[in-house]
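Structure first, commentary second.
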Amino acid sequence: MKLIIVEDEQPARDLLKHYLAFDETIEIIGEYADGFSGALAINRDKPDIVLLDIQLPKLNGFELLELLDLSPQIIFTTAYDEYAIKAFELNATDYLLKPFSKERFTQAVQRAKEKVGNDKHQEVNVSVKAIASEMPLNRVVVKDSKGIHIIAMNDIFYIEAQDDYIMIYCTQGRYMKKQTMKNIEQRLNPMQFVRVHRSYIANVLEIDKLEPYEKDSYIATIKNGETIKVSASGYKLLREQLDF
Amino acid sequence: MLREAELKTLVKEAELTWLKLQINPHFLFNSLNSISSLTITAPDKAQEMINRLSELLRYSLKQSPNSMVSLSDEVENCKKYLAIEQVRFGDRLKYNFDYSNEALQILVPSMVLQPLFENAVKHSVAQTDSTSIITAQFTQTSVGVCVSIINSLPETPASSIGTGVGLENIKRRLQLMYGTATLLNVNKSIDKFTVTIEFPDKILS
């Protein structure tokens with residue numbers, strides 16, 4: 001069975017490998033020290049099991065999960081993390097609290113191995129995704145044919161609804177992501193991002209001009225020169241937020 | 001009688017809150033995990049790390065919200081903290097201290113520096129796999145000592161933005177002890193984060 005380790009601390013990786021050395025059925029096919037290269041490797045090499053830390057450089061463990069095409073068995077390894085604790089409560093997946101014993105580790109791996117045969121490469125575990133999708137966003141991670149892109153909140157001009165997808169317009173260009181407007185709206189900082197229209201969420205810091213358009217509607221000019229529609233209720237929200 | 005008991009409970013609660021603030025569970029459990037690993041790969045280093053961690057915990061348990069210590073004690077404690085973090089992060093973490101021994105003689109509120117280094121680690125080395133540098137400078141001024149702690153910032157935006165609670169706590173304590181609200185300042189540039197504290201020679205009596 002193929003296994004990948006995503007863990008940024010060398011001693012922690014050493015310990016995992018030491019525990020795994022006793023299991024002949026497991027082959028470690030890769031070790032990665034950040035979430036970015038971990039996500040790429042998992043999608044490329046399709047391991048059966050992943051040992052995943054949550055606090056990682058570049059992309060954290062939850063962001064990594066959101067980028068997976070297919071889901072291997074995920075065993076979280078974490079020291080202390082409020083979201084992990086939430087995951088534990090929901091019993092979403094197996095998790096190990098550092099430091100953990102060899103017995104506890106073996107038990108988790110055993111459980112994962114048993115599940116591999118049953119639901120191999122399924123969609124990412126629904127409840128794990130649910131937790132990831134509740135977390136407030138401090139940056140947006142998107143994936144396209146060129147790779148993975150990390151967009152800072154302040155770089156976003158506005159977001160547009162496109163059926164089950166959203167289009168993110170930012171300083172680096174535009175990116176499509178499979179996510180609902182409702183979900184992303186809930187996770188954005190409401191002081192900065194306002195749902196100005198059924199189809200648009202605007203970064204209020206990037207609005208240049210607001211002008212009446214048709215009856216009960218407005219047009220906002222964004223600092224990148226583009227314009228978006230603002231509905232009557234969106235206008236009301238903007239007035240509250242920007243205090244004019 | 002009842003009042004006295006109540007008062008005692010309040011004092012106890014305040015002390016417990018204080019202790020809880022000093023010990024960062026994420027740091028503690030990750031360090032224990034490193035030790036667990038070192039007991040197998042390098043037992044000598046494991047022992048060294050246990051000693052360091054014990055000293056660090058003992059130091060923080062010994063302090064109370066009002067205690068004053070020499071800046072040199074604080075610096076020693078922070079060096080222990082960073083040495084432990086370096087076991088976890090290896091070459092990814094580099095740090096250096098720049099001071100004269102005279103500058104470290106001044107008395108300062110205890111446990112004000114370590115949280116600043118914890119912040120520096122959290123926002124630099126924990127966010128990137130390339131090398132992060134933390135620099136601490138201690139300069140004597142006409143009114144006291146100025147401490148600057150500077151950490152490099154990674155290129156990618158951080159997954160978590162600090163709530164600033166840690167800095168606010170330190171600010172409040174400094175204000176209570178010195179009667180000035182402007183002793184702690186932060187400055188953020190594109191690749192660097194700097195916290196500066198001006199410790200005056202005299203505290204409020």
For chain B, what are the per-bin percents of Cα-Cα distances with bins 10 Å wide, up to the bin holding the maximum? 8, 31, 36, 19, 5, 1, 0
Can you list the aspartates and glutamates whose alpha carbon sits under 17 Å from that of B:Lys188, skipping same-chain ones fewer than 8 residues off? B:Glu118, B:Glu155, B:Glu168
Counting other C-beta atoms within 10 Å, and keeping those with at most 14, which DSSP coil chymotrypsin sites (Phe, Trp or Tyr not before Pro) do you find in the stretch A:1-64? A:Phe22
For A:Asn138, net neighbour charge (Lys/Arg +1, Asp/Glu -1) across residues whose Cβ lies under 13 Å away: 0
Non-local amide H neighbours of B:Ser132 (under 5 Å, H modeled in plane, Pro and chain starts lacking H): which ones? B:Leu93, B:Lys94
Ranking request for peptides A:202-208, A:108-114: highest mean number of other beta-carbon atoms within 10 Å first, then the rest in descending order. A:202-208, A:108-114
Hey, could you get me the Stokes-Einstein D for the protein assembly as shown, Kirkwood radius over alpha-carbon pairs, 37 °C and 0.692 mPa s, rounded to whole µm² s⁻¹? 133 µm²/s
Return a whole-number percent for the relative contact order of chain B, with Cα pairs under 8 Å and 6 or more residues apart as the contact set. 16 percent
Other chains' Cβ within 10 Å of A:4-15 residues: what's the mean? 6
Listed by chain and number, the lysines with an alpha carbon less than 25 angstrom from that of B:Lys45, same-chain partners under 8 positions apart left out, are A:Lys17, A:Lys98, A:Lys102, B:Lys79, B:Lys80, B:Lys94, B:Lys122
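Nearest 20 debye, what's the magnitude of the dipole of the stretch A:137-242 about its Cα centre given +1 on Lys and Arg Cβ and -1 on Asp and Glu Cβ?
Numbers: 16 positive and 13 negative charges, 57 e Å.
Using Cβ point charges on Lys, Arg, Asp and Glu, the stretch A:137-242 gives about 280 debye.
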Going Cα to Cα from A:Lys236, which lysines come in below 27 Å? Please leave out same-chain ones fewer than 8 positions away. A:Lys182, A:Lys209, A:Lys215, A:Lys223
How many square angstrom of accessible surface are buried between A and B, both sides summed, with a 1.4 Å probe and rounding to 100? 2200 Å²
Work out, in µm²/s and without decimals, the Stokes-Einstein translational diffusion coefficient of the stretch A:137-242 at 4 °C, 1.567 mPa s, Rh from Kirkwood over C-alpha pairs. 93 µm²/s
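The values are calculated or read from the model by the stated rules, or taken from the named source; none is laboratory data. Not measured: the values here are computed from a predicted model. Methodologically, a virtual Cβ is constructed for each residue, glycine included, from the backbone with ideal geometry; neighbour enumeration extends over all protein chains shown. The accessibility values were calculated without ligands, DNA or RNA, using every heavy atom of the protein model including side chains. Shrake-Rupley method; radii C 1.70, N 1.55, O 1.52, S 1.80 Å.
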